[in-house]
Ligand SMILES: Nc1nc2c(ncn2[C@@H]2O[C@H](COP(=O)(O)OP(=O)(O)OP(=O)(O)O)[C@@H](O)[C@H]2O)c(=O)[nH]1
Ligand SMILES: [Mg+2]
Ligand SMILES: [Zn+2]
């Protein structure tokens, strides 16, 4: 029977075989465990050994995915809603751009929600948000989960798509789900607790089913991720993740131009068209990718030095192999996500 994984807790996989059906607690066949591909929330699976009384089954097969994200680890999503809070925690544009770029990297459509609108009396922030993100083609909504404002707009952008919520801890992802489906009573941070970094209320990704008319919509609530980095791409791949930079890059003199201080750079020539905070985020991500590239290079040279110093031929042989493996790691890191998507 074909079902979908709603959540994963240690060795148990919770599967539904139909909307609004009961949840089955499943184990997974040992052979599947040994495969490199990780099983994700959102994966469609084929189950056998179904026990209708105990509500248990065994996962035999994972169907191929239409797409997936790695942080949060979820598969088969149709859109991402990136949730930020205007205050508490303060709006973090770089983090927002990070989520946008990650969605772009995974080729998943992103929409933007700015929550805790009740805490801000400053309209200039709203203007700033529209000024930057509307020209880039994003759908934008402002909400207050607390005062139930903008919830209709929010429901509208959700549509009936399988949506994953992304955003830092404490921005109100779970609260927003509660505001559209109060009967679910999803755990959110106590109001008295101060939102501080590193404390997550939601600890696992989970698909939540919400009844809308006769239909069910699916949302994946996720924990916030604050340590996302572009440490899996090469510096000259970052511009692909910024539409407004990518647009100008074909006019650059050098093919591998990083648009920082290169000669005859068409992006720099058009910098006045690009929002400065977006460009700064671009520079930060390029820096992260550079550090990653350096690390990989160092792994290579370290082996090279030991190869030079060591007279023992066998040591040299091992080093060469390791160097190759460092290169392979780089290549794998870059392509592994693309490969799995295909
Ligand atoms: N003032 C105000 N507070 C809100 C709003 N939405 C959520 N909160 C509060 O913000 C805190 C964090 O909300 P959560 O829904 O737990 O945040 P989360 O994004 O799910 O956080 P994690 O699960 O840790 O990733 C709670 O104390 C909420 O009551 C809002 O619109 N306005
Ligand atoms: Mg939460
Ligand atoms: Zn350039």
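The values are calculated or read from the model by the stated rules, or taken from the named source; none is laboratory data. Being a predicted model, the structure only gives us computed values, none of them experimental. Because the Cβ atoms are built from the backbone with ideal geometry, glycine has one as well, and the counts that use them run over all protein chains shown.
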Kindly evaluate residue 240 against the criterion of being more than 12 Å from ligand 3 (Cβ to nearest atom), modelled with pLDDT of 95 or more and within 25 Å of the chain's Cα centre (by Cα). yes
Which pairs turn up if I take residues in region 174-190 that are assigned by TED's automatic domain parsing to the domain that holds residue 158 and look for partners that are away from ligand 3 (no atom under 16 Å from the Cβ) and assigned to a helix (DSSP H, G or I) with beta carbon separation below 6 Å, at least 6 apart in sequence or on another chain? 179/151; 180/155; 186/174; 186/177; 186/178; 188/174; 188/175
The condition of being under 30 Å from residue 22 (Cα atoms), without any contact (Cβ under 8 Å) to a residue 40 or more places away in the chain and over 19 Å from the mean Cα position of the chain (by Cα) holds, among 210, 274, only for 210
Checklist (1) away from ligand 3 (no atom under 16 Å from the Cβ); (2) modelled with pLDDT of 85 or more; (3) over 21 Å from residue 138 (Cβ atoms); (4) not assigned by TED's automatic domain parsing to the domain that holds residue 80 applied to residue 227, failing item: (2)
Looking only at region 89-99, count every residue that is out of contact with any helix residue (DSSP H, G or I) (no Cβ under 6 Å at 6 or more places or on another chain) and in contact (Cβ under 8 Å) with a residue 24 or more places away in the chain and tell me the total. 6
Assuming residue 89 fulfils every condition listed in (1) more than 16 Å from ligand 2 (Cβ to nearest atom); (2) more than 22 Å from residue 239 (Cβ to Cβ); (3) surrounded by fewer than 21 Cβ atoms within 10 Å (Cβ to Cβ) apart from one, which condition is it? (1)
So which residues in region 9-52 are assigned to a strand (DSSP E or B), out of contact with any strand residue (DSSP E or B) (no Cβ under 6 Å at 6 or more places or on another chain) and touching a residue at least 24 places away in the same chain (Cβ under 8 Å), if there are any at all? 9
